[in-house]
1. Could you please find all residues in the range 162-217 being without any contact (Cβ under 8 Å) to a residue 40 or more places away in the chain and either part of a strand (DSSP E or B) or closer than 16 Å to Phe475 by Cα (or both)?
2. Does Met119 fit the bill of being touching a His at 6+ places or on another chain (Cβ under 6 Å), surrounded by 14 or more Cβ atoms within 10 Å (Cβ to Cβ), over 23 Å from Glu191 (Cα atoms) and of a type in the set (A, V, I, L, M, F, W, C)?
3. Out of the range 129-156, which residues are outside any strand (DSSP E or B), farther than 20 Å from Ser28 by Cβ and touching a Pro at 6+ places or on another chain (Cβ under 9 Å)?
4. Can you tell me which condition Ala185 does not meet? The list is (1) modelled with pLDDT of 95 or more; (2) within 30 Å of Gln450 (Cα to Cα); (3) among the aliphatic types (A, V, I, L, M), and all the others hold.
5. What are the pairs with Cβ atoms under 6 angstrom where one residue, in the range 538-566, is without any contact (Cβ under 8 Å) to a residue 60 or more places away in the chain and the other, located anywhere, is assigned to a loop (DSSP other than H, G, I, E, B) and surrounded by fewer than 19 Cβ atoms within 10 Å (Cβ to Cβ)? Sequence gap at least six, or different chains.
6. Please go through the range 247-282 and give me each residue that is closer than 15 Å to Thr396 by Cα and part of a strand (DSSP E or B), ordered by number.
7. Give the residue, chosen from Pro269, Pro291, Pro306, that is in contact (Cβ under 8 Å) with a residue 40 or more places away in the chain, touching a Gly at 6+ places or on another chain (Cβ under 8 Å) and in the same structural domain as Thr317 (by TED's automatic domain parsing).
8. Return the residue satisfying two criteria in turn: it lies in the range 567-590 and is of a type outside the set (D, E, K, R) and surrounded by fewer than 16 Cβ atoms within 10 Å (Cβ to Cβ), and of such residues it is nearest to Asp645 (Cα to Cα).
Amino acid sequence: MKSIAKILFTVACFLGSVQLFSKTTLPSFFTDNMVLQQNTAVPFWGTSAKNTSVTITASWNDKSYTVTSGADGNWKVTLQTPSYGGPYTITVDDGSRLMLKNILIGDVWLCSGQSNMEMPLAGWGKINNYKEEIANANYPEIRLLQAEHVYSETPLDKLKVQNGGWQVCSPQTIADFSSTAYFFARKIYKEKHIPIGLLHSSWGGTVIEAWTEAGALKTIHDFDKAIDEMQEDQGVLAKRQGAALNEWMDALEKADKGFKNGTPVYILPEYNDGAWAKMELPGLWENGGLPDFDGVVWYRREIELPDDFVGKPLTLTFFADDDDKVWFNGKEVGATKGYNVKRQYTIAPDLIEKRNSITIRVFDGTGGGGIYGDKNEFTLSSGNTVFSLAGEWKYTVGISSTDLAPMPVITQGQNKPTALYNAMIHPILNYKIKGVIWYQGESNDMRAHQYQTLFPLMIKDWREKFKNPGMPFYFVQLAGFKAKKNEPGSSAWAELRDAQFKALTLPNTGMAVAIDIGNAEDIHPKNKQEVGERLARIALAKVYGVNIDYSGPLYKSYAVKNSNIVLTFDFDEKLQAKNGDLKGFSIAGADKKFYWANAKIQGNVVVVSSPQVKNPVAVRYNWADNPEGNLTNASGLPASPFRTDDWEGITFGKK
């Protein structure tokens, strides 16, 4: 009996290992648990030994396709998929048998962009109610495919993925996946019970030109030099660009008022900082008194430590954007480059006294700058005992970047033009998808006017490359961020939202407005449930035929009537102000100076005026980094920010 059992066990192990010994190699996205696009002709391909007969059988129709691999071993067939359902199998037989199991037929959505698309439920994201959301994520008909972060100077054919391929959505698999994508799929699945495949290919902090194909970019000529440089020796290029950046940083330090003859003067414990301003930390300096500032800021604080901290090694922990250097009682204790790196510096026992001086120098090149993050992560610690450094600090500007020549542009890594298209989009062009959801724009904010060209360029090019000219493309407009302003003014973020709004002129697009669910202190707002559901509303209405509200008011036209401007909107059913009187509107005359306006809803129009503008010519709504407008409609969804003018903004001409 023991010998028979042993034989059966050996046979079972052999049968279970057939796939391991198969001569067939499939792309990384053809795995167990995958979702194939329904009701279409799906390319299916792989590699076997050269000149080998390969038979592919799909269980949904038991139809077999036999092809012969070429001299390079490559083969390809087309599988006709039915309406959604499953689970199914696909068998590949080239002399050895490989079977893909637990396959669903449904809709596949490509989810791409930068960090707000990438933001996971847990991990660095920790969205609202993340523990509960993870525990409840039992949706076996939602499937997840996570692309690795890879960039390339040339188009690649292979996609690098995590976890060995597709995963079934569960509490064990969802924690590190895109929260926006998950909530998008969950909403659709609850409404339609169609299997949803989420192909997540995004990368935080990336620019749109990195996601765009070289041929498309060359039609506008803004990136010709950078694209040509990608054909150079990358080591030589990096050395040349690095030298230019180092030269600029040296000039920055020489001009920094915090240095005298190359020696830091603000770090001495006895230095008199009585004239310095004050700022609450952690918090980006844009929210603490330095709006739209790039350059160097110095922070100082005197602290008195508990007796049991004195004479022991301490750990200083915080986050900075972009680069920092720290001195403790006049001695340098650490320096780090990079906005997304957690600082943890060890302070030697012989430096620590009862009363101590901490000086932090922070440089930021673009976007938000300073010391940021959760108050509980700005600390000094001794073992498990923590001393909070959150609170009021003194600060002064060392040097503004505007006082120097423009900072050299470094075309490196994932932000090289075409680099992410090449590695994270090009390999999946033959994988049939239903559509795209996109959340990106923050990294292009200072070139928002250029984004008016770049965004539709990418959308149209992706549709061409996926061979689907009507492919749905739905995106998230930038949420509110940074300090609120008391008066109307310029805003790069408003200009970027305007560029996104203009992309709606392309067919089969949709925009989830998120202006009302941002966070002044956090570029990564944690209410990703609402973001995903707003994207899903668009898809449900436009793709799945569900009668559902999916848009707040969208500006349509204006007319000047005496001293008033009358605004009309698409999605104008039951225009209303949310929570109080209508606000967020500003108005200007020919002098282009904007004043806060009186705005009233009259039926399905909004009438805007101001006693300070007798002859108005333009209106803007929610034109700020973090505005407070409250126009909505019967849906309860927010109106998109807009402007009626086409005057040059602060990002005009920036490339």
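The values are calculated or read from the model by the stated rules, or taken from the named source; none is laboratory data. Quantities reported herein were computed from a predicted structural model and do not represent experimental measurements. FYI the Cβ positions are ideal-geometry reconstructions off the backbone, even for glycines, and counts take in every protein chain you see.
1. Once the filter is applied, which keeps residues that are without any contact (Cβ under 8 Å) to a residue 40 or more places away in the chain and either part of a strand (DSSP E or B) or closer than 16 Å to Phe475 by Cα (or both), the range 162-217 yields only Cys169.
2. On the way: touching a His at 6+ places or on another chain (Cβ under 6 Å): yes; surrounded by 14 or more Cβ atoms within 10 Å (Cβ to Cβ): yes; over 23 Å from Glu191 (Cα atoms): yes; of a type in the set (A, V, I, L, M, F, W, C): yes.
Taking the combined requirement at face value, the residue satisfies it.
3. The first filter runs over the range 129-156 and keeps only residues outside any strand (DSSP E or B), leaving 129-138, 148-156.
Next, from what is left, pick out any that are farther than 20 Å from Ser28 by Cβ: 129-138, 153.
The answer is Tyr130, Ile134, Ala135, Asn136, Ala137, Asn138.
4. The single condition Ala185 does not satisfy is (2).
5. Final answer for the pair search is Ala541/Ile548; Ser563/Lys614.
6. Of everything in the range 247-282, those that are closer than 15 Å to Thr396 by Cα and part of a strand (DSSP E or B) turn out to be Phe259, Pro264, Ala277, Lys278, Met279, Glu280, Leu281.
7. Numbers: Pro291 fails: touching a Gly at 6+ places or on another chain (Cβ under 8 Å); Pro306 fails: touching a Gly at 6+ places or on another chain (Cβ under 8 Å).
One residue alone meets the criteria, Pro269.
8. Filtering the range 567-590 for residues of a type outside the set (D, E, K, R) gives 567-569, 571, 575-577, 579-580, 582, 584-590.
When the remaining residues are screened for being surrounded by fewer than 16 Cβ atoms within 10 Å (Cβ to Cβ), the result is 568, 576, 579-580, 590.
Details: Thr568: 15, Gln576: 24, Asn579: 28, Gly580: 27, Ala590: 11 Å.
So, considering only residues that are of a type outside the set (D, E, K, R) and surrounded by fewer than 16 Cβ atoms within 10 Å (Cβ to Cβ), the one nearest to Asp645 (Cα to Cα) is Ala590.
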